[in-house]
Amino acid sequence: MSINLKDFEEGNFGKKKKVSKETHISRILDLLKSNAKAYSVEEIAKRLKIKTNTVRHSLRKLKFENEVTHKTPYFAYKK
């Protein structure tokens, strides 16, 4: 989306909403906990409307923290 030059020079860009990485991680974990199902990265991204790369990064972190289990291509909550 473009802005006019006057707004650009004055720094009137509008505020971009920042979403914490922890928010994405908690939403993914909530999805995996709430259902007794395993999901692929693409399914999680589509369901939560998050970019697939963000989902991959979050799942990698959750796997490192031993919160989820992974069997290609699925991830599930580790009980």
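The values are calculated or read from the model by the stated rules, or taken from the named source; none is laboratory data. Given the structure is predicted, the values throughout are model-derived calculations rather than measurements. We place every Cβ from the backbone using ideal geometry, glycine too, and count neighbours over all the protein chains shown.
Pairs please, first residue from the stretch 61-79 and surrounded by fewer than 10 Cβ atoms within 10 Å (Cβ to Cβ), second anywhere and outside any helix (DSSP H, G or I) and basic (K, R), Cβ atoms under 7 Å, 6+ apart in sequence or on different chains.
N66/K78
Could you run through the stretch 38-62 and say how many residues are touching a Lys or Arg at 6+ places or on another chain (Cβ under 8 Å), assigned to a helix (DSSP H, G or I) and over 11 Å from H24 (Cβ atoms)?
Qualifying residue count, the stretch 38-62: 1.
For E22, indicate whether it is part of a helix (DSSP H, G or I) and either modelled with pLDDT of 95 or more or hydrophobic (A, V, I, L, M, F, W, C) (or both).
For E22, the condition - part of a helix (DSSP H, G or I) and either modelled with pLDDT of 95 or more or hydrophobic (A, V, I, L, M, F, W, C) (or both) - is not met.
For K79, state whether it is out of contact with any strand residue (DSSP E or B) (no Cβ under 6 Å at 6 or more places or on another chain), at pLDDT below 95 and not in a loop (DSSP other than H, G, I, E, B).
On the way: out of contact with any strand residue (DSSP E or B) (no Cβ under 6 Å at 6 or more places or on another chain): yes; at pLDDT below 95: yes; not in a loop (DSSP other than H, G, I, E, B): no.
The answer is no for K79.
If K49 meets every condition in (1) under 24 Å from K79 (Cβ atoms); (2) at pLDDT below 95 apart from one, which number is that one?
The single condition K49 does not satisfy is (1).
Surrounded by fewer than 14 Cβ atoms within 10 Å (Cβ to Cβ) and at positive phi: which single residue out of K37, K49 fits that description?
Every option except K49 fails the conditions.
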